[in-house]
Each structure stands twice: as structure tokens, then as C-alpha cells.
1. Considering each of Ala151, Ala116, Ala131 in turn, give the residue that is touching a Ser or Thr at 6+ places or on another chain (Cβ under 7 Å) and among the small types (Gly, Ala, Ser).
2. Name the residue that is farthest from the chain's Cα centre (by Cα), counting only residues in the range 187-201 that are closer than 19 Å to Ile44 by Cα and of a type in the set (A, V, I, L, M, F, W, C).
3. Quick one: in the range 131-159, which of the residues that are assigned to a loop (DSSP other than H, G, I, E, B) and small (Gly, Ala, Ser) is farthest from Phe82 (Cα to Cα)?
4. Out of the residues in the range 54-85 that are surrounded by fewer than 20 Cβ atoms within 10 Å (Cβ to Cβ) and aliphatic (A, V, I, L, M), state the one that is nearest to ligand 1 (Cβ to nearest atom).
5. Scan the range 135-186 for residues that are over 23 Å from Lys40 (Cα atoms) and within 16 Å of ligand 2 (Cβ to nearest atom) and report the count.
6. Mind listing just one residue for me: the one in the range 23-43 that is more than 8 Å from ligand 1 (Cβ to nearest atom), under 12 Å from the mean Cα position of the chain (by Cα) and not hydroxyl-bearing (Ser, Thr, Tyr) and, of those, surrounded by the most Cβ atoms within 10 Å (Cβ to Cβ)?
7. Here's a check for you: in the range 99-129, which residue that is touching a helix residue (DSSP H, G or I) at 6+ places or on another chain (Cβ under 6 Å) and part of a loop (DSSP other than H, G, I, E, B) is nearest to Leu71 (Cα to Cα)?
8. Among the numbered criteria (1) under 30 Å from Arg141 (Cβ atoms); (2) modelled with pLDDT of 95 or more, which single criterion is violated by Leu217?
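The values are calculated or read from the model by the stated rules, or taken from the named source; none is laboratory data. Just so you know, these numbers come straight off a predicted model, no measurement behind them. Every residue, glycine as well, gets a Cβ built from its backbone with ideal geometry; the counts of neighbours run over all protein chains shown.
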Amino acid sequence: MLTVDKVRKVFGATTVLDGVDLRIRPGEVVSVLGSSGSGKSTLIRCINGLERLDGGRITVDEFDVSKPRELAEARKRSGTVFQLFNLYPHMTAVENVMLAPVEVLKRPRREAEAQARAILASVGLSPRADAYPAQLSGGQRQRVGLARALAMEPRYLLLDEVTSALDPEMTAEVLAILGELARGGTTMLFVTHEIEFARRISDRIVFLDAGRLLVDLPTVEFFSPAGGLANPRIAQFLSKMH
Ligand code: ADP
Ligand code: MG
């Protein structure tokens, strides 16, 4: 289980995360919705141990991200894909994907390469495995980013607006793969503005507003008039998104 307990994060005078509680059990898909600036990326960065917490605790399968000795284990279990692809430009797709398995997991290169090619095939990139990032479309690059995260066989996949830099066609390509992963039982924390897609694939939806987690509801309840929609802030957010 991934647990976020009463997490606080402050930047200067701004409280960016204000007592956030969240639990993600194996197999669950949880989407995080919220306006720009509500703290979604900061939450992902905190789970990655990229930000020091000002309060509370985050554990990934019991490994506490605030404890230097446990952070590496916690990170191995949570694969992250960000909005921008951050691929190494001087490495091909397959080299990008096999890098961490070789460097971090100490896999033999040949084995890592075979695995990387299999994962690239699973995201529809077999024919582009030996291309460099500059030779790939945005949607293809983001699929390499996803393959790179999957190559570490994470227990939890953290996705931070992975389609927001893509045009609609490329967005559809990437969402199709995320949909397959979700149906295949991959555990996901999915930060997104793709409301309709989130509605289809999520077990639960949480809504962040100015650093507070306003609701954490099963998807059907989130979108029901007596559930999430009864919250004026959420109703306003959803009406602007359509
Ligand atoms: P979201 O991903 O929901 O758009 P963010 O987590 O990126 O929101 O940001 C939440 C708030 O924290 C914003 O007000 C943002 O300006 C602020 N913030 C994020 N990172 C930093 C930082 N490194 N230093 C100062 N303020 C930051
Ligand atoms: Mg963000």
C-alpha cells in the first residue's frame, strides 16, 4: 500500500499541501483532479522524495520516503512519468528504457535490452525502438517515457499530466495504453485533466483544492449529484472543464 498521512508542504508563505491523507491499495486506479496550482505535482514530488515534507508521513510498501535509508526502496516501487518526457536525447528509445534496469537493478545488458524491447512492443513502439527522441513524435516520446517507468516493474505508477503537452491524437494514443494498463491491474495514481477518461478507468477520484484534499470518493459517487457534485467547488471545476 502507498500511504500519505497528514502531509504538509510549505513553500515560503504558501501552504501547498495542507494535511493530505491518501491511501492507494494494490490494483487500484486513483485519479487526482484539481485546478492548476492546487498542489497535484507537489504531491507526486513528495511521494518521490523529491521534496522534503514539512509534516506528516509518506510510505510506499512500508518504506518511508523521508528516511534516507528507505528512500531508494520506496523509489524502486513507484515509477513516475511526468508531463515532459525527460528522455536522454543522445540515447535511442531502447537505450533510454534499459538504462535504469542496468544502472539501478544491475541487470545484465542483454537481458535488460530484451526486456526493454518487449516493453516498447507493448506500448506499440517496436518499429521505433532504435530511434532517437528527436526522431519521435510527442506521443511516441511519452510512450517511451511510460516504457521507461514500466521497465523498473514498479508496484505503483505515478502519472503527472502525462498527456497535457500532447495534441488530441497523441493524447488518445497514450490514454489507450494507460487504459490497457489499468484494466490489466496496474496500480496507478493518475494526475490528469482528462476527466472523462479518469471517470472510465478510476476506482476512486480525489479532488485537491488549494492543498486540501476536499473529497476522496468512489468514481460513481464523485460524479453523482449527491456525492462530489454536491460540493460547489467541485461542481464549478467540472463545469469549467466541459
Ligand atoms: P499543480 O500541479 O496542481 O498545478 P503544483 O504542485 O505545481 O500545482 O503547485 C502548487 C503550488 O505550489 C503553486 O502555487 C506553485 O506555485 C507552488 N510551488 C510549486 N513548486 C514550488 C517551488 N519549488 N517553490 C515555490 N513554490 C512552488
Ligand atoms: Mg502540475
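1. Every option except Ala131 fails the conditions.
2. Step one: filter the range 187-201 for residues closer than 19 Å to Ile44 by Cα, giving 187-195, 198.
Now restrict to residues that are of a type in the set (A, V, I, L, M, F, W, C): 188-191, 195, 198.
Values: Met188: 7, Leu189: 5, Phe190: 5, Val191: 6, Ile195: 15, Ala198: 13 Å.
Filtering the range 187-201 for residues that are closer than 19 Å to Ile44 by Cα and of a type in the set (A, V, I, L, M, F, W, C), the one farthest from the chain's Cα centre (by Cα) comes out as Ile195.
3. Let us first name the residues in the range 131-159 that are assigned to a loop (DSSP other than H, G, I, E, B), namely 131-132, 136-137, 151-155.
Right, trim to small (Gly, Ala, Ser) and you get 131, 137, 151.
On the way: Ala131: 21, Ser137: 16, Ala151: 16 Å.
For the range 131-159, the residue satisfying everything is Ala131.
4. Across the range 54-85, the extreme among qualifying residues is Leu84.
5. Final tally of qualifying residues: 0.
6. Checked the range 23-43; the qualifying residue surrounded by the most Cβ atoms within 10 Å (Cβ to Cβ) is Val32.
7. Arg107
8. (1)
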